[in-house]
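Notes follow once the structure below has been shown.
The values are calculated or read from the model by the stated rules, or taken from the named source; none is laboratory data. Just so we're clear, the structure is a prediction, and the values are computed from it rather than from any experiment. Here Cβ is always computed from backbone atoms with ideal geometry, including for glycine, and neighbour counts include all displayed protein chains.
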Amino acid sequence: MNHATRAGSEANPVNGAEAQVIPLHGPGREKPAEVPEQAEERVDAPVVDFPAQPSGPVREPAADPLSESVRSALTFLRHRLTGDYAVDEFGFDAELTETLVLPPLRALYEKWFRVDTFGVENLPKAGGALLVSNHSGTLPLDALMTAVAVHDETGGRHLRGLGADLVFKLPLVGSFARKSGQTLACNADAERLLTNGELVGVWPEGFKGVGKPFSARYKLQRFGRGGFVSAAMRAGVPIIPVSVVGAEETYPKIGELKVLARLFGLPYFPVTPFFPLLGPLGAVPLPTKWTIEFGEPIRTDDYGPDALDDPMLVFTLTDQVRESIQHSLYRRLSQRRSVFRG
């Protein structure tokens, strides 16, 4: 057998010769210890980068607002049918106000007048306070919008407004006003509400303010004898000045029909550029841009019991509140660029 045949036979195990194993570690070196199977899998396993988990809290899916509205409506209807709802001593029905009154007013507040609020930190989260505001706009929409602002900015507190006698003499309006938290503008009712820790709203200008002509806009009328100051002093609660800009232009009053006012028993029957000329369409308020500012509280608990008998002190505090509101109105008006855009 030649050399080629012998080499082929040694390299070919099929022909009966064993194949030569050449150690990879080379001659004179020991074979390294075998790597454990588990460790070998860790080395050879591919590294996979998983996406990082969010560091913040996991948010639950947002609740369906339509479903919440339906559940709220069904709960309200069940309570109405079973009589399982509460009314306080003044006739205030909180559930009815939350379900039927505030939602449409909130839509007007957010979408139509686009109200901006300032000084909400001056609204107490608990305890009584007397909110004193300017009054304007031919119809008292400013009182309603202020009630929405107080409710939404305090996490659910209701503004208990003090209304004129006429409000409670009107058919249906008086009963509805009672159920939505309004009560008669008298010191006795105001003191009881304030002592009970309620937020009470008062508009000292009355019909003189809300019914003043457009030419006198943002000029505060007389505040009366300061009865609201006496009520706050007796209850020992702060007085919060409130200034509303934007309500004056919703129904610009350019005149009034005194004959119709006497006929319907109203303090005035307004004439605006659109009403009564356009009929019911003229009763739609103009979409002016509003701002509501809650001023710094004026404390009344520092005065002794004898202070109530001091008419000059009561007059001074009344004038202080009035001047605070007037200055706030002028400041906001100077910053306003447009009636409709703010």
Of the residues Leu184, Leu199, Leu193, only one is hydrophobic (A, V, I, L, M, F, W, C), touching a residue at least 40 places away in the same chain (Cβ under 8 Å) and either under 20 Å from Ile292 (Cβ atoms) or surrounded by fewer than 21 Cβ atoms within 10 Å (Cβ to Cβ) (or both); which?
Leu199
Could you list, ordered by first residue, the pairs with Cβ atoms under 7 Å in which the first is in segment 304-326 and over 18 Å from Gly206 (Cα atoms) and the second is part of a helix (DSSP H, G or I) and modelled with pLDDT of 90 or more, at least 6 apart or interchain?
Ala307/Met233; Ala307/Leu313; Leu308/Ser230; Leu308/Met233; Leu308/Arg234; Val314/Val229; Val314/Ser230; Leu317/Val229
Quick one: in segment 160-173, which of the residues that are closer than 17 Å to Gly206 by Cα and touching a helix residue (DSSP H, G or I) at 6+ places or on another chain (Cβ under 7 Å) is surrounded by the most Cβ atoms within 10 Å (Cβ to Cβ)?
Arg160
Residue identified as over 23 Å from Thr291 (Cα atoms) and either among the β-branched types (Val, Ile, Thr) or without any contact (Cβ under 8 Å) to a residue 24 or more places away in the chain (or both) among Gly279, Gly227, Gly236
Gly279
Residue tally, condition of a type in the set (Ser, Thr, Tyr), assigned to a loop (DSSP other than H, G, I, E, B) and at pLDDT 95 or above, over segment 269-304
2
Would a scan of segment 147-157 turn up a residue that is over 25 Å from Lys219 (Cβ atoms), hydroxyl-bearing (Ser, Thr, Tyr) and either in contact (Cβ under 8 Å) with a residue 40 or more places away in the chain or not in a helix (DSSP H, G or I) (or both)?
yes
Unique residue being modelled with pLDDT of 95 or more, part of a strand (DSSP E or B) and either over 30 Å from Gly255 (Cα atoms) or of a type outside the set (Val, Ile, Thr) (or both) when the list is Leu162, Leu144:
Leu162
Might you check whether a residue that is touching a Leu at 6+ places or on another chain (Cβ under 7 Å), of a type in the set (Phe, Trp, Tyr) and either over 30 Å from Val314 (Cβ atoms) or part of a loop (DSSP other than H, G, I, E, B) (or both) occurs anywhere in segment 228-251?
yes
Tell me yes or no: at least one residue of segment 212-221 is of a type in the set (A, V, I, L, M, F, W, C), surrounded by fewer than 20 Cβ atoms within 10 Å (Cβ to Cβ), within 23 Å of Met145 (Cα to Cα) and in contact (Cβ under 8 Å) with a residue 40 or more places away in the chain.
yes
Note: among Arg106, Arg114, just one is surrounded by 12 or more Cβ atoms within 10 Å (Cβ to Cβ), of a type in the set (D, E, K, R), assigned to a loop (DSSP other than H, G, I, E, B) and modelled with pLDDT of 95 or more, namely Arg114
So which residues in segment 311-329 are surrounded by 14 or more Cβ atoms within 10 Å (Cβ to Cβ) and either over 16 Å from Ser133 (Cα atoms) or among the hydroxyl-bearing types (Ser, Thr, Tyr) (or both), if there are any at all?
Leu313, Val314, Phe315, Thr318, Ser324, Ser328
The conditions are (1) in a helix (DSSP H, G or I); (2) modelled with pLDDT of 95 or more; (3) surrounded by fewer than 21 Cβ atoms within 10 Å (Cβ to Cβ), and Lys208 fails exactly one of them. Which is it?
(2)
